[in-house]
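S.K.: Got a structure here, written out as structure tokens. Questions coming.
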Amino acid sequence: MVAAIETRDLRKRYGDVRALDGVSLTVPEGSFFGLLGPNGAGKTTFINVLVGLVERTGGDAAVFGHDVERDYRQARDCIGLAPQEFNVDRFFPIREVLEHKAGYHGIPADEARERADEVLKQVGIYGKRDTRFDWLSGGMKRRFLLARALITDPDLLVLDEPTAGVDVQLRHDLWDLITDLNEAGTTILLTTHYIEEAERLCDEVAILDSGRVVEVASPDELMDRGTDTITVTFRDPPSSVPDVAAGNGHVESVDLDDGRLVVTARQGGLLAPDLVRELDRGGHEIVDLDVSRTSLEEVFVEMTNGQESTGGSR
Amino acid sequence: MSVLPVGFKTLTRREILRFLRRPKNTFVPPLVTNVLYFSVFGVILGQRINEINGVPYVLFILPGLVVLGAISNAFENASFSIFHGRWNEYIDEALTSPLSYTQMALAYVVAGATRGLFVGVLIAIVGAAFTSVGAARPLYLVAFGLVVTLLFSGIGIVGGLWADDWDDLTMMNQFIVRPLVFFGGVFYSIAELPATLRAVSLLNPMVYMVNGVRYGFVGQAEVDPHLSLLVLSGLTVAVVALDVALFRRGYGLTE
């Protein structure tokens, strides 16, 4: 099966700046793929190479097997893009903007009109169809960008920070919508600053930093690499740190904090039952137990910070 | 079923609708300007000026004013639309679509030329209110009308892609298009110029355009209309080919 996106050693230079410094990624068809990275990591440049707004300096990039430069027309026809910036035609009411976009993709006028109405209803702004983009509220503008990406019924939906600056309700609406699309077979490439978003939605994420791929893994795999914190509260606080033998090799630290036992360990969730049994056998009566999992955000910060300090030597 | 691809037709239609829906910006200004030109230069001053080659002065300047309006509007439409799209980045809507680079460039060329032709016809109608005018050589009139508007729409695309700022657009119209037009034999006959100036004038492409269109209206020209049409057509083909090449290269459009 051909990959939705396949890049090999993809490079983009702006003078001395290497925006993309040898990115090799495979986004399987039908997947929900996240692209994470700090500002300036190269996420938007990566996307813009795919749709033809940025010309690559080297390497290969193909969308469903179509090279993005040699077969640009086929490649672009597969992609629906909701960009970060509000790059929308200001002259026409939004329904016409959608009809035009559909037309550019070869969809005949009658069908374009039907589809425009359909996607406006899908994102919940059909009532504003005769309004120009400038007069929409911030949240509606985001919804419109999604509608414009959907009007051509793309096989690959690319969402660049789709929930930047939107309220909680809208964020959840958008999540539901794109999850449904993915379940119906659309491949989704999502870039986001909200790690929670990637954690919740993506099958697989790539972490990008300074134009390089630092890691590709599922959110769960990444979280397993971080340290979790187990906090145990006793009926009678012990005077010294009890011996903890459980989960040897996973445990990173054991401390007493205000009478509570604080254990940090990798895969803390797996370790907790053994720890409880051991403490119980040792005669400690437990009244509360809290396991806080490391967040993807913490793992992400750790990975991208580390990269920064060694970036020059790699 | 039309032979033209849906994508090309849609972009051309979008470009034409853009100026049709804003008559205040596109049709009213040339209307007002040309009523002034015909009143002041044609009627008030024109009465003191002798006929040129047996043509009354007001009729003599009509073809030149038609050319002036047609080409500046063709130029302005193409350059403005491209630059505005770049400025607000919505040109991305077309750029990220499966339109071929040739289709993109041609859509802008055709739409700009269409606006030029509309304005040219409008000015001819205004002129007809001031003097009796017909089309002595209608086929030549149509041919020259098409070729000059296509040419300047094509040049407008280069301008719209090259400009970095709004001032650049104004500058091109004020300092390049207008001087060429004013020294292009719109208001005087180049036959009346001293030999040197006459020779210099013949290097100005505008002379051929004005004369060609004048030939279409009154059946008289100071330069051979066939040669003019040939040279202008060649120039138009070259400029449109340049437009396509610039789109392909992403000049002013991609990073």
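S.K.: In the set A:220, A:228, A:274, which member is at pLDDT below 90 and more than 27 Å from residue A:300 (Cα to Cα)?
M.R.: Numbers: A:220 fails: more than 27 Å from residue A:300 (Cα to Cα); A:228 fails: more than 27 Å from residue A:300 (Cα to Cα).
Every option except A:274 fails the conditions.
S.K.: Another question, if that's okay. For the range A:119-149, which positions are more than 14 Å from chain B (Cβ to nearest Cβ), among the hydrophobic types (A, V, I, L, M, F, W, C) and either open to solvent by less than 50 Å² (accessible area, probe 1.4 Å) or out of contact with any Gly (no Cβ under 9 Å at 6 or more places or on another chain) (or both)? Don't jump to the end; show me each part of the working.
M.R.: Here is the first cut: in the range A:119-149, the ones more than 14 Å from chain B (Cβ to nearest Cβ) are A:119-129, A:131, A:135-140, A:142-143, A:146.
Filter once more, so that each one left must be among the hydrophobic types (A, V, I, L, M, F, W, C): A:119-120, A:123, A:125, A:135-136, A:140, A:146.
Residues satisfying the conditions are A:119, A:120, A:123, A:125, A:135, A:136, A:146.
S.K.: Tell me which of these residue B:110 doesn't satisfy, since it passes every other one: (1) within 14 Å of another protein chain (Cβ to nearest Cβ); (2) under 13 Å from residue B:13 (Cα atoms); (3) surrounded by fewer than 24 Cβ atoms within 10 Å (Cβ to Cβ).
M.R.: Tallying (1) within 14 Å of another protein chain (Cβ to nearest Cβ); (2) under 13 Å from residue B:13 (Cα atoms); (3) surrounded by fewer than 24 Cβ atoms within 10 Å (Cβ to Cβ), residue B:110 fails exactly one: (1).
S.K.: Tell me which residues, restricted to the range A:33-90, are facing another protein chain (nearest Cβ under 8 Å), under 23 Å from residue A:194 (Cβ atoms) and open to solvent by 40 Å² or more (accessible area, probe 1.4 Å).
M.R.: The answer is A:85, and nothing else.
S.K.: Further question on the same structure: I'd like to check which helices (runs of 4 or more DSSP H) are fully inside the range B:1-102 and have at least 2 residues that are within 14 Å of chain A (Cβ to nearest Cβ) and in contact with a helix residue (DSSP H, G or I) (Cβ under 7 Å, 6 or more places away or on another chain).
M.R.: Values: elements: B:6-20, B:23-26, B:28-37, B:57-87, B:92-95.
In the range B:1-102, the matching helices (runs of 4 or more DSSP H) lie at B:6-20, B:57-87, B:92-95.
S.K.: Let me ask another. Go through the range A:127-235 and tell me which helices (runs of 4 or more DSSP H), entirely inside it, have 2 or more residues that are closer than 30 Å to residue A:250 by Cα.
M.R.: Working: elements: A:138-150, A:168-183, A:195-201, A:219-224.
Fully inside the range A:127-235 and qualifying: A:195-201, A:219-224.
S.K.: Across the range A:253-309, what is the number of residues that are touching a helix residue (DSSP H, G or I) at 6+ places or on another chain (Cβ under 6 Å) and in a helix (DSSP H, G or I)?
M.R.: 4
S.K.: Out of everything in the range B:218-233 that is surrounded by fewer than 19 Cβ atoms within 10 Å (Cβ to Cβ) and either at pLDDT 95 or above or among the polar types (S, T, N, Q) (or both), what residue ends up being farthest from residue B:112 (Cα to Cα)?
M.R.: Going through the qualifying residues, I end up with B:220.
S.K.: Another question, if that's okay. Please go through the range B:147-167 and pick out each residue that is open to solvent by 10 Å² or more (accessible area, probe 1.4 Å) and in contact (Cβ under 8 Å) with a residue 60 or more places away in the chain.
M.R.: B:147, B:150, B:152, B:155, B:158, B:162, B:166
S.K.: I'm checking my understanding of the structure. Among residues of the range A:92-104 that are surrounded by fewer than 22 Cβ atoms within 10 Å (Cβ to Cβ) and either closer than 19 Å to residue B:85 by Cβ or β-branched (Val, Ile, Thr) (or both), which one is farthest from the other protein chains (Cβ to nearest Cβ)?
M.R.: Filtering the range A:92-104 down to residues surrounded by fewer than 22 Cβ atoms within 10 Å (Cβ to Cβ) leaves A:92-93, A:95-96.
In the following step, the residues that additionally are either closer than 19 Å to residue B:85 by Cβ or β-branched (Val, Ile, Thr) (or both) were identified as A:92-93, A:96.
On the way: A:92: 8, A:93: 11, A:96: 8 Å.
Among them, the one singled out is A:93.
S.K.: Checking residue A:163 against (1) open to solvent by 40 Å² or more (accessible area, probe 1.4 Å); (2) out of contact with any strand residue (DSSP E or B) (no Cβ under 6 Å at 6 or more places or on another chain); (3) not hydrophobic (A, V, I, L, M, F, W, C), which single condition isn't satisfied?
M.R.: That leaves (1) as the condition not met.
S.K.: Turning to a different aspect of this structure: Scanning the range A:268-300 for residues that are among the small types (Gly, Ala, Ser) and within 18 Å of residue A:222 (Cβ to Cβ), which turns out surrounded by the fewest Cβ atoms within 10 Å (Cβ to Cβ)? Please lay out each step first, then the result.
M.R.: Pass one, the range A:268-300, residues among the small types (Gly, Ala, Ser): A:268-269, A:272, A:282-283, A:292, A:295.
Among the residues that remain, those that are also within 18 Å of residue A:222 (Cβ to Cβ) are: A:268-269, A:292, A:295.
Numbers: A:268: 23, A:269: 13, A:292: 11, A:295: 15.
Result: A:292.
S.K.: Right, another one. If a residue must be facing chain B (nearest Cβ under 9 Å) and surrounded by fewer than 21 Cβ atoms within 10 Å (Cβ to Cβ), how many such residues does the range A:105-118 contain? Walk me through how you get there before you give the answer.
M.R.: From the range A:105-118, those facing chain B (nearest Cβ under 9 Å) are A:105-109, A:112; that's our starting set.
Add one more test, that the residue is surrounded by fewer than 21 Cβ atoms within 10 Å (Cβ to Cβ), and what stays is A:106, A:108-109.
The total comes to 3.
The values are calculated or read from the model by the stated rules, or taken from the named source; none is laboratory data. Just so it is clear, the structure is predicted and the values come from calculations on it, not from any experiment. A quick note on method: Cβ atoms are made from the backbone with ideal geometry, for glycine too, and the neighbour counts reach across all protein chains shown. For the accessible areas, the whole protein counts, side chains as well, though only heavy atoms, and no ligand, DNA or RNA atoms are used. Shrake-Rupley method; radii C 1.70, N 1.55, O 1.52, S 1.80 Å.
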